[in-house]
1. Quick check on residue 280: is it touching a helix residue (DSSP H, G or I) at 6+ places or on another chain (Cβ under 8 Å) and closer than 15 Å to residue 644 by Cα?
2. Just give me the residues in the stretch 49-70 being touching a strand residue (DSSP E or B) at 6+ places or on another chain (Cβ under 6 Å), outside any loop (DSSP other than H, G, I, E, B) and farther than 19 Å from residue 116 by Cβ, in sequence order.
3. Could we say that residue 479 is in the same structural domain as residue 430 (by TED's automatic domain parsing), surrounded by 14 or more Cβ atoms within 10 Å (Cβ to Cβ) and without any contact (Cβ under 8 Å) to a residue 40 or more places away in the chain here?
4. Quick one: which residue in 607, 631, 569, 562 is in contact with a helix residue (DSSP H, G or I) (Cβ under 7 Å, 6 or more places away or on another chain) and under 25 Å from residue 326 (Cβ atoms)?
5. Within the stretch 565-587, is even one residue within 30 Å of residue 390 (Cα to Cα), modelled with pLDDT under 80 and not in a helix (DSSP H, G or I)?
6. State yes or no: is residue 400 surrounded by 11 or more Cβ atoms within 10 Å (Cβ to Cβ), under 30 Å from residue 566 (Cα atoms) and either out of contact with any strand residue (DSSP E or B) (no Cβ under 7 Å at 6 or more places or on another chain) or modelled with pLDDT under 80 (or both)?
7. Scan the stretch 113-138 residue by residue and report those that are under 27 Å from residue 15 (Cβ atoms) and at pLDDT below 90.
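The values are calculated or read from the model by the stated rules, or taken from the named source; none is laboratory data. Only a predicted model underlies this, so the values are computations on that prediction, with no experimental measurement involved. Cβ: placed from backbone, ideal geometry, glycine included. Neighbour counts: every protein chain shown.
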């Protein structure tokens, strides 16, 4: 993984979005205290490893509610190099991962919108198990502070020796000596154990010949049972084949019985259908005779019906013309009324135009006064608004001045507090030194305690485990006393260091809080400058509003005189409005009057044409009456013909149906005779007694085979157990021989 860019916005001392590019090789970040060097490292740990050494709120710039970190990195894969951008916010839930697509030259969202999803994605990307291991990877390997990384190397020679002796595990060599010096005794003990094992195994293998004899007997039983199973299986197969042949014959008898029953049912059904078909044929022939008797009356009825349809169409056409004539007369009457009305509107239009000319000047003055009065009335409410605005501006100026005073007091307090505070980085160095000393003392104490344990357990006259000199009681006592005294000194020193560490950590926490407030001093000073600029703008707005208020009050003093003049002109203005409405209302009257007169002449011409067309339908009612009389005379013959026409047309079809059924009945009777003969022949070939005997024999053979197989399985299991016992005894026998030979 290679980090290529870190971007910060509203993070600690970074206000606007700041991008820190990270080129190849080693990157060094330089700057004064509080410039934000450590913040870049902390941002990487926060975004990529979910690790932050303090509260999230302390990571956000003072005065901001939230901040954002973006870290861009590259990672080599089997398909090339992938480039990702991880986005994470502090103070609000915003998470995201984007992958760069070089082909489309755009960042593609990976659909990650929660902390859990982001941590899972990072764990998979960096091949770690969970979030705890991810954070540990940063804090213990990648993001280790410089002071803690070098603390072991900056110890005193004595403490450094204690630390690295434990790291190199020098005590393991002493433990190896303690282990190896007892090897000869262990070999002698092992030989005695082997002799006892040989005696035990010799007694166990004496039963091997009996086990072999039993295995041979079981093998013979298995072979005999397998031969019996094979013989009975062959016999069962022969009987099952014969049984299946007889079973097929029995099924064929059942099938033929069913076929005979089916054919007899089909014959009964066909005979019934044949009787019905003959009855329907007789009815169709009778209907054919009645149709012939009434054919002439039916023809006369159809011709009269066709002529009636033609005459009724003419009647509809004539009635439509009569309706058109009546409608045309109504239209002409309506147009004549409209012409009269338009002539009256024309006289009213000319009178309205004269009124407009006489009242034009009064109307213009009235509208001018109305606009002026309306404008002044609209601005009456502005007086109160201006006064409220002036008061609000004064309050805002006063509030800003109080805020400046508070900021100046805060700056003074922070500066005084910082003068009496030690730099937290210096305190961190002292803390690291003392923590390293405590670890060295702990390692030394553990080493001394191990030496004490060995001194107490070592026999007199044996080498001393601490100096290799011969060990006597006096030397042991003195050495133990020295070690115990040193352990007490170590405990005292560790307690003193613990107290010093608690005091230093408390001072560092206080110093860090003061340092954070000092880092925010530029923000306070910028805020004061911003407030002073806002006060100048508010004072300018206040002066401008006061001038506008004075001008408005002068204009409003003329309002009563203007309203009185407008009241005097109101009657003339109303007359002008009425006349203007009439002129607009009747502006199209001259053209409409001319058009209506032309329309009247055209409609009168259409009415004359309709009257001419109606003359062509004289005598229609008389002819229609004659046709209706003919329909009444031929109605009876027509109804009879229609009633029997369809039935009479089916004579040939029903004749064919009778012939088909007679042929089908003959075929069914022939099939029935042939099927009965085949059934008798099949029954004669079926040996029912042999069929029942075979079924009983097959059942008995299957039961015997099941018993033989169970017996075979049991014998095989016994044989396997005996053979396993033989193998174990032979293995023990070989072991006895090897032990004797060794």
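1. Numbers: touching a helix residue (DSSP H, G or I) at 6+ places or on another chain (Cβ under 8 Å): yes; closer than 15 Å to residue 644 by Cα: yes.
Criteria met by residue 280.
2. Correct list: 59, 60, 67, 68, 70.
3. Details: in the same structural domain as residue 430 (by TED's automatic domain parsing): yes; surrounded by 14 or more Cβ atoms within 10 Å (Cβ to Cβ): yes; without any contact (Cβ under 8 Å) to a residue 40 or more places away in the chain: yes.
It is true that residue 479 is in the same structural domain as residue 430 (by TED's automatic domain parsing), surrounded by 14 or more Cβ atoms within 10 Å (Cβ to Cβ) and without any contact (Cβ under 8 Å) to a residue 40 or more places away in the chain.
4. Working: 631 fails: under 25 Å from residue 326 (Cβ atoms); 569 fails: under 25 Å from residue 326 (Cβ atoms); 562 fails: under 25 Å from residue 326 (Cβ atoms).
Within the list 607, 631, 569, 562, the selection yields 607.
5. Taking the stretch 565-587 as the starting set, the residues that turn out to be within 30 Å of residue 390 (Cα to Cα) are none.
No, the stretch 565-587 has no match at all.
6. Numbers: surrounded by 11 or more Cβ atoms within 10 Å (Cβ to Cβ): yes; under 30 Å from residue 566 (Cα atoms): no; either out of contact with any strand residue (DSSP E or B) (no Cβ under 7 Å at 6 or more places or on another chain) or modelled with pLDDT under 80 (or both): yes.
It is false that residue 400 is surrounded by 11 or more Cβ atoms within 10 Å (Cβ to Cβ), under 30 Å from residue 566 (Cα atoms) and either out of contact with any strand residue (DSSP E or B) (no Cβ under 7 Å at 6 or more places or on another chain) or modelled with pLDDT under 80 (or both).
7. So the first thing to find is which residues in the stretch 113-138 are under 27 Å from residue 15 (Cβ atoms), and the list is 113, 115, 118, 138.
113, 115, 138, listed by residue number.
Table: residues versus (1) surrounded by 14 or more Cβ atoms within 10 Å (Cβ to Cβ); (2) within 30 Å of residue 515 (Cα to Cα); (3) under 30 Å from the mean Cα position of the chain (by Cα).
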site: 39; (1), (2), (3): yes, yes, no
site: 62; (1), (2), (3): yes, yes, no
site: 91; (1), (2), (3): yes, yes, yes
site: 112; (1), (2), (3): yes, no, yes
